[in-house]
1. I'd like the Karplus ³J(HN,Hα) series for the range 27-34: coefficients 6.51, -1.76, 1.60, θ = phi - 60°, whole numbers in Hz, and an x wherever there's a Gly or Pro.
2. About its Cα centre, what dipole magnitude does the range 2-96 give when the only charges are +1 on Lys and Arg Cβ and -1 on Asp and Glu Cβ, stated in debye to the nearest 20?
3. Among 35, 72, what is the fewest-to-most ranking by other Cβ atoms within 10 Å?
4. Using Cβ contacts closer than 10 Å as the measure, can you line up 25, 3 from fewest to most?
5. With a cap of 14 neighbouring Cβ atoms within 10 Å, and only residues DSSP puts in a loop, list the chymotrypsin sites (Phe, Trp or Tyr not before Pro) found in the range 1-55.
6. Restricting to Cα pairs below 8 Å that are 6+ residues apart, what does the relative contact order work out to for the chain? Please round to a whole percent.
7. Rounded to two decimals, what ratio of Rg to Rh does the range 2-96 give with C-alpha atoms and a Kirkwood Rh?
8. Quick one: order 5, 53 by neighbouring beta-carbon count within 10 Å, fewest to most.
Amino acid sequence: MRKILYSPGFGAGWTTWNSDENVVKLMLTYQPIIDALERGEKMNSEHPAVKQLEKECEEKFGVTYVCVLGADDLTIAEVSGRVHITEYDGSEGFVEEGGDDRTWM
């Protein structure tokens, strides 16, 4: 089992509004944000864990802009395999395992 982050509310997707594959994979399971949410902290684009994520994306991948607008609605899900993040008008969902498409993480 592993924990993933997704934003089910309409507006902006968490991983789906970013195009760099390395950034998306990091955002999907970013432990500092998962820890903060599990402690009951309210997440938003200014939260220290989100700022840390942005900094890591720049340092590790050279990505200077990461869309974190979906942070306000982040939800944790436990999954047992790879997932495909779905999105409609900013509302993300996920489907577990299936196929070899590169969007399965």
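1. Residue by residue, the range 27-34 yields 4, 4, 10, 5, 4, x, 6, 4 Hz.
2. Details: 9 positive and 17 negative charges, 49 e Å.
Approximately 240 debye in magnitude.
3. Numbers: 35 12, 72 16.
Ascending number of Cβ neighbours within 10 Å: 35, 72.
4. Listed from fewest to most nearby Cβ atoms, that is 25, 3.
5. 10
6. Working: 185 pairs, mean separation 42.7, N = 105.
That works out to 41 percent.
7. Numbers: Rg = 12.1 Å, Rh = 13.1 Å.
Checking Rg against Rh, the ratio lands at 0.92.
8. 53, 5
Values in this text are rule-based calculations from the coordinates and carry no lab data. Since the model is a prediction, treat every value here as computed from it, not as a measurement. Using ideal geometry, Cβ is built from the backbone for each residue, glycine included, and neighbour counts are taken over all protein chains shown.
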